Structures are given as structure tokens and as C-alpha cells.
Amino acid sequence: QGCDPLAQTQRSKLQHRRARINQQINKEMRMRAGAENLFSEAINVPMIPLGLKETKEVDFTVSIQDFICEHYGEDCSLYDKEIKELMELRQAMRTPSRNQAGLELLMEYYNQMYYLDQRFFPLHRNLGVHFHWYDSLTGVPSCQRTLAFEKGSVLFNIGALYTQIGARQDRSATAGIDKAIDAFQRAAGAFNYLKDNFSNAPSLDMSGPSLCMLVRLMVAQVQECVFERVTLTTQDTHLTSQLRLAQEAARVSDVYLLVQQTMAQPLMKDYVPFSWASMVQVKSEHFRALSHYYAAVALCDHTLSTEEEDEEEEGGDEETEKAFLHFYINVPAGPPLSQVLRDPEKRRKLGKAHLRRAVIRHEEAMRVHSLCKILRKMDILQDVLSLTHKRSLDKYSELDREDDFDETAEAPEIQSQTHQKPDITPPNFSTVQVTDIFQRLGPLSVFCARARWGPTRVICLQRREGGLGLTLRGDSPVLVAGVVPGGCAAVEKRAIMLSHSSDKENTRQRLLGGAKGQSSASLLNWNRKKKREGGGVTKRLGSTFSLSFGSIRDTEAMY
């Protein structure tokens, strides 16, 4: 018979016991190190970063080549280099580095899409390119042929990358906190810009409710960073300083509570990851507990100056009393706050009531934390919750007395307040300058997808006594703005139209134009749009036919 490998010998039992002891020692050491960091305000509660949307490769080659041949009438093989450059830029954009260079890469592709849209995406039909993107939270694929979906997805990734940069900052110093604040504010701006300027997104992560939730989440994380900076920069232990910390912590709790309510809405409830919802709830409870703790510290560890002290300190007491009178949302029942502030025993009891509420909030935060498997793996979060809970318990025990038979009423709610409100920083696309990859096609104002072009023709004119009979405008390229009736160009134009009378399209245009005694076709048939800027249609100005070119302001010259 073989032996049972699971049967424990005395030696194995001893080894297991030693292992448990070592684990306990390691935990105590970690708790001690965490406590030292906590009381030096150098420990950071984890933030929530957002993953980037993933996308499939896109091959623009055939679609752009066909469009160049059909629309612009040029040899598409001459633009192979440009097409390759565009595809390489998009390929690089799929995996940006998690730093400023990655942001600039995404911004470069986003700005380049403006030119791509103007060159190759007409209003009346699709280019035939399919853009595949995956939901950043669920991975559900979405596909559209509109370039707006591509632009919106890239903009979403810009915001998501900002969240990752913000979450990576070392917030143990003010410099790192400032960088995190800037990153989260820019993330909020990107999501807010996407919400206001793009609609009908096929993926849920880019829907209005989801983007609204993300904006509020980023604002809450900014507010948390503001609290951390106030904690680091508050060196004194004066009563007003502790009251300020309490109100800052209450403000963080309020904004996280708003995020929690947004995540609980019907559309978001089953979409937002459980770990996110748990983390937001934990933070709301945790910072509410901290606000009550700092209120207790302000009440119990600091006293006002006595009558024997100088007038300056008495003036400071007036400021302290004024700050305390505006500290609560509602004035608590019982003696006036000014009287409470000057009575050490009343202050002790009110501080003890705040600590009681702090302990309750700490325990609720720990309960919610224990229900989420992902959060339980975050040792640093667990240490912060345990240490702050222990700190409040120790303070409560310090204030507790055996003769405390008449417990005070519940501590009133603290009025949240912050000295720095978060900003929503919109994206600044001009920070990354780009050059139109397909600039060799010609000026964008003329050579764009929304212009209607005819077949390329070679026309020979012989100058007469009155010139060529043309009105020219612009430079590179020179545009035929009008044809002078009776001139050389008008005669040639009439001959061309007669020679193409068999063409149905030209016949239709001639008949429609003949009803008004004029033709709407220009000599070279350039820049004809269904909808012209400024309502531009063919106009008769004196004896000259002119076409409106909205983006060209050069003076006309007769030839």
C-alpha cells in the first residue's frame, strides 16, 4: 500500500506552524511599516485607471487608391508612400506607450483624421473601410464605417491613457500629486468632450451615461488628490487646520457618493465592474470616517487661549470660533457651539461622538472591502483601512471614561468644503501639429472629397485682342473663376458642350442651365459642391459668370 501524501507527520505539522508564525510576523511588520507611512502621510490609496480600447488592423490601401482614381482622376500608384505612412501611423497608435509620447501619438493620429475625412470621406457615400473597436470594460466588439467612430474611439483612448498616467504617479510628494491632478482633469476633459461632440456610439463605454460616470469618477479622484496635498502641506496641528482637513475629507466622500449613485443607475449597474463599484463605495465610507476623525482631533487635542494670553491669540480664537460655527450642515441640538468650544468636557463628549461615527464608517468600509475578491488582493488598501480603523479605536479608548453614563447624541454631519475645486480640462489638439499626409493632392480647400469633379480635359486657347476671356483667382492652383461672354474661352466652352451633347449628364446640366439662359458648368468643372459655403451657386455678376470659392480671398484678375 502506498502512503497518504496528505498525512501530516509531526515534522510537517511543525513546519506548517512555523510557516503560520512567519506569515503573522510578516503581516505585523507590514502593518508596522504601513502605520509609519500612514502617520507620515506617505501612503497612497490606489486609484482607478481605465484600460484602452483595442482595435483590429485596418487596410486603407484599396479604398484610398480607388477613391484617388475615381474622384481625383490621378494615378493611385503615385500615393503608395502616403498610404503606407498612414497605415503605419494607425498601427503605432494601437499600442501607445503609457507616457507623454503615447499621448502625442494618439493626438497626432486624431488630428490626421481631420485631413483624412476631408480628402476621402464624402458625405453621400462611405469609403468602404470598416473600423473594429472593442469595449474597454467588457471587450464586446463594435464595427462601423464612419470615421466619427474611429475619431471617438481614439479620443476615448486619450482619456483612458490620462487615467493610467494619473494612477501611476507617486503621490507621496506634492509634485506627484500635482501631476496626478493634471492627468485626471485632462481625462475628465477628454471624456466630457467626447460626450458633448459624439453621439449614437455603438459601444456602451462611449454612451452618454457611461461617459458621465467616467467624468464624475475622474473629478472624484482629483478631489482625493487635493485632500492628499492638503494633508501633506498641513504642518501645524491648530484646531482650524484639523477642521479644514475634516471638511476636505467630507468633500471627497460626497463626490465619491455621487459617483456611487451614478454607477447604481439601471444602465450602468450591470455594466460597471463590481470592483469599481466596491472601490468607490469603500472610498466614500473611508473618507467620511476620516472627516469625523479629524473633527474629533480638532475638538479634543486643541484648546483655545486663556484670558491671560495676548490679544493676538484672542483674535485667533475669534477666527477659530467663526470657523467652528460654519463647520456643521445643521446646528446640533443642545448648548450653543460657542459654549461647547470653550468647555473641555463638552468638547470631549462631542469629539467622542464623532469618533463613534468614524468607527462605524471604518467598519462599513472594511465590510464592503471584504466582499470584493479583487480588492482583497490589494494589500495597501487593506492596510490603510485597518490602520485608520485602529487609529480611531485607539482615540476613542483614550477619550472613554468609566463614568460616561450619559452618552451624547449623534455627531452632526460635517459641512464639506474644499479650497480647490476640480477643473475639467478640455483636450488641446493644437499642442500636436501635424502635416496633411496627402498634401500632394493639392490644397484642401479645392481638392477635397466633398467637391464634385468631372473628367480631366486638355483645352487649348489662342489669345485674341480681348485676351483669353477668363477670370482667374488664387495661386497654386490657379482657379477659373469665370468666363467672359463672347470671349475666346466662351466660344471654346460652347464647342466643348456641343461635342458632348450625347452625354446624358452634360445634356441634363445644359438643359437645366438653358432654362435661365446660362450654364452652371464651369470651364474646368472644378470645386462643384452640392452645398457650397455661403450658399454659393453660379451667379451672374455684370457680364461675368463667377463661381464662389469660400476659402479663397485673393483678388481676381482678368486674362
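Just so it is clear, none of the values below were taken in a lab; they were calculated from the coordinates. These numbers were taken from a predicted model, which means no experiment stands behind them. All Cβ positions, glycine included, derive from the backbone under ideal geometry; neighbour counts span all protein chains shown.
Would you be so kind as to identify which of Ala183, Ser172, Met263 lies farthest towards the positive end of the dipole of the range 148-269, taking Lys and Arg as +1 and Asp and Glu as -1 on Cβ and the Cα centre as origin? Final value for the positive-end residue is Met263. Each Lys and Arg Cβ is given +1 and each Asp and Glu Cβ -1; about its Cα centre, the range 62-178 then shows a dipole of about 440 debye.
Under the combined filter of DSSP loop state and at most 14 neighbouring Cβ atoms within 10 Å, the range 354-438 retains these chymotrypsin sites (Phe, Trp or Tyr not before Pro): Phe405.
Placing unit charges on the Cβ atoms of the charged side chains and taking the dipole of the range 338-478 about its Cα centre, the candidate lying farthest along the positive direction among Leu355, Cys372, Leu399 is Cys372. Legend: distances between Cα atoms for Lys349/Lys395; Lys352/Lys390; Lys269/Lys377; Lys53/Lys151; Lys283/Lys390; Lys322/Lys352; pairs beyond 19 Å are Lys269/Lys377; Lys322/Lys352. Mind running the shape call on the range 103-153? Use the C-alpha gyration tensor, a ≥ b ≥ c as the square roots of the eigenvalues: rounded below 1.5 for a/c, prolate if a/b tops b/c, oblate otherwise. Oblate shape, in that a/c is at least 1.5 and b/c is the bigger or equal ratio.
About the Cα centre, and with charges only on the beta carbon of Lys, Arg (+1) and Asp, Glu (-1), how big is the dipole of the range 176-230? Nearest 20 debye, please.
60 debye
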